[in-house]
Amino acid sequence: MSRLTELLAQAKNKDPALGQELEHEFKVLSSRRSFGLNFERHRPENVELPGRPIRKGDKVRILPPRATTAKGDQRLWKVLKLEGTGDKKTAQLELLDTAQSERQKIAVVDLIVVAEFKDFIYPGLISTGKVKHGGEKPFHTIINSENFHALEALTFTHRGKIDVIYIDPPYNSGAKDWKYNNDYVEKEDLYRHSKWLAMIERRLLIAKELLNPRNSVLIATIDEKEYLRLGLLLEQSFPEARIQMISSVINPKGVPRDGLSRVDEYIFVCLFGAAEVQGQIKEGSAGTEVRWRGLTRTGANGIRSKSPGAFYPILFDNSGRIAQVGEPLPLEKGPNDYTPPKGLHPVWPTPRPNGGDGRWSVVPETLRSLLKMGAVRVGKVNFEKNQFPIFYLTSEQLKAIEDGSLVVKGHNNHGTLRVYFKEDGGRRSAPRTVWDNVSHSASEHGSMLLREIIPGRNFPFPKSLYAVEDVLRLFVAENLSATVLDFFSGSGTTAHAIMRLNRQDDGRRQCISITNNEVAADEHAALRSQNLRPGDANWEKWGICDYITKPRIKAAITGKTSEGKDIAGYYKFTDEFPMSEGFEENAEFFTLTYETPVAVSHNRAFERIAPLLWMRAGSEGTRIENLPAQGWEVANTYGLLIDLDDAAAFVKAIKNSNGIRVAFIVTDDERRFQTIIRSMPDTIEPVRLYESYLTNFRFSMGR
Ligand SMILES: C[S@@+](CC[C@H](N)C(=O)[O-])C[C@H]1O[C@@H](n2cnc3c(N)ncnc32)[C@H](O)[C@@H]1O
């Protein structure tokens, strides 16, 4: 060792930069574990920032020509000088990280800014819309961003305040499911595991700063390709956590794996501080109520022609009860050819997504005998919206009642059966670590559900809404105002699940969803061939966050598709109701921007950080969008003082208003800041902001 240290000192003398790099690598090597996960950290990780204007001093990459699918020049260049204006603007570039100097002049439109991990970034947020359907409830926030940068920004707004993190990261399947340094990581890449680990580790380490150390949970899903490495990484990154793993069936049909049929994946649960299981997986656990199935037959067999005898009217009376069960119509006849008995309203099977006729799950005779038994239940009827949710007990469930594994505990008001899973010796058992619930099937309750909410838009591999709801329930059942974060949120299932949980118990939980605006791998080539590039509006509009996540959350809340139609489907399982009812929730959509502190006006810089101040105070109520002309302003949950001479009026306003939690005071003078906070109530959290606004949010990616 001492010989190596000597050699390093000699190298430093000869070439300080080289010596330092050698020393860094030496330290990395010597800190390697004798047991555990050793992997190459792959520095630097860099990220392209489409849409960020090019400025002198920026690090850039030259884009491949439009309409080609070529990978393009991967080297990094520094912008030395900018000349000209508009489309004619050019940049004088110098190649970085090379012994031989190389320069060239390139049109600015052919460049893209790159942030390396050692660079500073100045993130800001701009609002791209909101939905307000939830009165005074806090807002769910959905952020279009590279998650590393958004997590950095959250260290200002949510340090130590997050109750639950749920992530479903790319599984590193080798099938173009994620990118490192702007390149898909493929199966053949020898470094695919270490690149994946390096990417996840960096994000987990910031995530740790956001979790409440006294009581919080991190949940991460993964499959067979990386679960071994992720498990070790979690242990090493969170030595203080208690870690458990659940095996969860998400694809009951299975995929072939070396002669076996793989049906499950894994859910790691890391418990911090006093965190503990608070809830139950509703369906299937001992003592819980069974789920009634929707009467409309879904899936490939749900077409009228597959069972013409199951296409018939169910006749409702004016009070919303089933009065009669009609007879099947001949195949050539449709609902328009049918005249219902006087005073009765005919209800037909829900049409197929393509508009064709659907069918019920049982024929009229069976339905009549189920009705007699109390094995048919009607949900909330809405004549105006033509909503008639009908549920029934399947023949398997009826058989289970006979053999005793399901228990009937009387009838409810409308005479329908109350059926429960058998109690486990009178105890409600702890949730088990093997889950095999039909509600967790990703294709049925992820992909197919998404198709109902945002018809015509495809997202690869969303989770089952009910699977996410179930795992979150375990840890937020008793925390009605929990803050939940998902920084690989994809289609937005986590926020949607939180809204469902809130509806079940009148909760005010909020979810922060972060996901980038990538387009799917196959769309890439198609868009390139249309002359488009990332950063072009016509490219970005197809990105996951703008095309899938934001519209999904908006549709879920409003109950209407992006085309303005009522969503056709029904929610199932624990809380069954028409999707068109929507949710009483609020959400705001943002895009993370990259600012440079030079050449940005004071007010513009403030505008970009305004949402961060609002988020720090709870993402609730009104927001201060501009620098207040009178020197201070108060919103519902926070106040802002920019002119310290007005401190007395500001403090008075804070004392007079209910609900203020945070006071932001803009000053570079620590002494004056201290004086002002002494005059404020203890319940208010004072936060000092630098006068040059963007520097409050300056983050070095390298850390
Ligand atoms: C497996 S999906 C999550 C699916 C999600 N659970 C759902 O149910 O829809 C992972 C998502 O993370 C996004 N993603 C991957 N790397 C990211 C990054 N560095 N920053 C932000 N988002 C990223 C991907 O675009 C993808 O949409």
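Some notes on this structure:
- Contact map, region 450-463: first residue in contact (Cβ under 8 Å) with a residue 40 or more places away in the chain, second residue among the aromatic types (Phe, Trp, Tyr) and within 8 Å of the ligand (Cβ to nearest atom), Cβ cut-off under 7 Å, separation 6 or more or different chains; pairs are Leu450/Phe459.
- Once region 352-372 is narrowed to residues that are surrounded by fewer than 14 Cβ atoms within 10 Å (Cβ to Cβ) and free of Cβ contacts under 8 Å to residues at least 12 places away in the same chain, the residue that is farthest from Thr298 (Cα to Cα) is Lys372.
- The condition of being in contact (Cβ under 8 Å) with a residue 24 or more places away in the chain, open to solvent by 60 Å² or more (accessible area, probe 1.4 Å) and among the hydrophobic types (A, V, I, L, M, F, W, C) holds for only one of Ala442, Ala375, Ala430, that being Ala430.
Here is a yes/no grid of residues against (1) at pLDDT below 90; (2) open to solvent by less than 10 Å² (accessible area, probe 1.4 Å); (3) away from the ligand (no atom under 16 Å from the Cβ); (4) not assigned by TED's automatic domain parsing to the domain that holds Arg52:
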position	(1), (2), (3), (4)
Ile142	no, yes, no, yes
Glu146	no, no, no, yes
Ala150	no, yes, no, yes
Phe156	no, no, yes, yes
Lys161	no, no, yes, yes
Ile167	no, yes, no, yes
Tyr171	no, no, no, yes
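- Region 552-569 - residue that is open to solvent by less than 20 Å² (accessible area, probe 1.4 Å) and within 16 Å of the ligand (Cβ to nearest atom) and, of those, nearest to Phe461 (Cα to Cα): Arg552
- Among residues of region 595-622 that are at pLDDT below 90, those with a Cβ under 7 angstrom from a residue that is surrounded by fewer than 17 Cβ atoms within 10 Å (Cβ to Cβ) and part of a loop (DSSP other than H, G, I, E, B), sequence gap 6+ or separate chain, pair up as Thr596/Arg55; Pro597/Ser692; Asn603/Asn626.
- Looking only at residues of region 489-517 that are within 24 Å of Phe573 (Cβ to Cβ) and either assigned to a strand (DSSP E or B) or open to solvent by 40 Å² or more (accessible area, probe 1.4 Å) (or both), we find that the one that is farthest from the ligand (Cβ to nearest atom) is Asp506.
- Elements of the type strands (runs of 3 or more DSSP E) sitting completely within region 230-345 and holding at least 2 residues that are charged (D, E, K, R) and farther than 29 Å from Gly160 by Cβ: these cover 264-273.
- Region 100-140 - residue that is open to solvent by 20 Å² or more (accessible area, probe 1.4 Å) and of a type in the set (A, V, I, L, M) and, of those, nearest to the ligand (Cβ to nearest atom): Ile126
- Complete set of residues in region 23-59 that are in contact with a Lys or Arg (Cβ under 8 Å, 6 or more places away or on another chain) and part of a helix (DSSP H, G or I): Glu23, Val28
- Complete set of residues in region 518-544 that are of a type in the set (A, V, I, L, M, F, W, C) and within 12 Å of the ligand (Cβ to nearest atom): Val519, Ala520, Ala521, Ile544
- Tally of residues being polar (S, T, N, Q) and within 18 Å of Leu315 (Cα to Cα) across region 363-415: 5
The values are calculated or read from the model by the stated rules, or taken from the named source; none is laboratory data. Quick caveat, the model's predicted, so the values are computed rather than measured. Methodologically, a virtual Cβ is constructed for each residue, glycine included, from the backbone with ideal geometry; neighbour enumeration extends over all protein chains shown. Surface accessibility is based on the protein's heavy atoms, side chains included, excluding ligands, DNA and RNA. Shrake-Rupley method; radii C 1.70, N 1.55, O 1.52, S 1.80 Å.
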